[in-house]
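Heads up, the thing below is written out as structure tokens.
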């Protein structure tokens, strides 16, 4: 389904919480080609608030009302992890284009079913892998593809957050969240590593849980956490490069205005380059015998060419996320695949699942990339 000529694309938000308010809706509001036409959430009080916040009239607690509405062209799913597969499959069967938050499901089997449903229905499908849109990440990919770093040899990712050790709510239970840091944070880094350097073909990994999280922020008791708050992976790429990933939510002193510490590095045969979240418009670059030095990301990599977003407006580590919505809308209107698609979410999920298998079995795991 696509809008008639001259009319904006009608998008519905399913899950009206912080993620939608932080980057999905602001991205849509910047784009004259689309509008927020409806909102669905289980919290009726929040729905009433979003009417004013987002200037939307249609709100409902029933996603079926969204899927059956012929006036809705696409949906953005930002609900708890365990609800993603059923919502995405229902949306696809009703002809709605879909962008879904990560992880797409609790395991690769669920994600495969989502991909198949969207592919069968012929709808645009997109995984909300935000960091692909960071300017320095886009420039880093250009340098890799252009050969400016030489032959890539090592990939290195650190994602350190200093979060409270209170309850994560549904996120800390396996049947609702699947995993913790691994599925919430490290899966992003799996995705952009493969986008930069190609498929990963084997890994070994581990996870750990240090914080019991038996109290909510207001001191109320709750069942202890069942998921990881630290994860690590060592991997080999098909290209011959190696990769190392580490993530934690318990890195004291790494708050950095709430953005935490993000470091993604490629060491090539000719040069090294580093992306950092807190300065996404700056890349660190160094060559043999020298030091890593900051360089400004060229203007053409600060945003997609046709995006109406002004890179100088707002906090750099926030505003690049608005380009997620721009890509989703563009793919629908141009009748093409969105990047990253459900396939990319599936590929990353296979590797995240293998990390849990590696921890359980104490061995390296060979990766079989999913079929497109």
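Please treat every number below as a calculation from the coordinates, not as lab data. It should be emphasised that the depicted structure is a prediction, and the values quoted were computed from it without experimental measurement. Cβ: placed from backbone, ideal geometry, glycine included. Neighbour counts: every protein chain shown.
Okay, here's what the table says:
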{"read-out": "Max mean-square fluctuation residue, GNM over the chain, Cα-Cα springs under 10 Å, options 263, 326, 343", "value": "263"}
{"read-out": "FRET efficiency, residue 372 to residue 334 (Cβ-Cβ, R0 30 Å, nearest 0.05)", "value": "0.95"}
{"read-out": "Counting all C-alpha pairs of the chain, share separated by more than 40 Å (%)", "value": "11 percent"}
{"read-out": "Long-range Cα-Cα pairs in region 98-173 (distance over 20 Å), rounded percent", "value": "60 percent"}
{"read-out": "Estimated 222 nm signal from helices in the chain, with DSSP H stretches of n ≥ 4 weighted -39500 (n - 2.57), rounded to 500", "value": "-8500 deg cm²/dmol"}
{"read-out": "Computed FRET value (nearest 0.05) for residue 310 with residue 278, which takes r as the C-beta separation and R₀ as 22 Å", "value": "0.65"}
{"read-out": "Share antiparallel - DSSP beta bridges, the chain, percent rounded to 5", "value": "60 percent"}
{"read-out": "Alpha carbon centroid spacing (whole Å) that separates region 273-322 from region 51-65", "value": "35 Å"}
{"read-out": "Compactness of region 235-372 - radius of gyration and Dmax, Cα, Å", "value": "18.3, 49"}
{"read-out": "At R0 = 30 Å, FRET efficiency that the Cβ-Cβ distance of residue 109 and residue 153 yields, to 0.05", "value": "0.30"}
{"read-out": "Sequence-separation-based contact order of the chain, relative, with Cα cut under 8 Å and 6+ spacing, percent", "value": "20 percent"}
{"read-out": "17 Å tail of the calculated P(r), region 19-85, as % of Cα pairs", "value": "42 percent"}
{"read-out": "Region 69-207 - percent relative contact order, Cα under 8 Å, separation 6 or more", "value": "24 percent"}
{"read-out": "Residue order, fewest to most beta carbons within 10 Å, for 283, 333", "value": "333, 283"}
{"read-out": "Residues 222, 204, sorted so that the one with the fewest Cβ neighbours within 10 Å comes first", "value": "222, 204"}
{"read-out": "Taking 100, 40 and counting other C-beta atoms within 10 Å, the order from fewest to most", "value": "40, 100"}
{"read-out": "Angstrom value of the Kirkwood radius, inverse mean 1/r, which spans all Cα pairs in region 9-128", "value": "14.1 Å"}
{"read-out": "Sequence ranges 265-271, 43-49, ranked by mean other-Cβ count within 10 angstrom, highest first", "value": "265-271, 43-49"}
{"read-out": "Two-decimal log10 I(q)/I(0) for region 171-225, as the Debye equation yields it once each C-alpha is a single scatterer, q = 0.12, 0.13, 0.17, 0.24 Å⁻¹", "value": "-0.42, -0.47, -0.69, -1.02"}
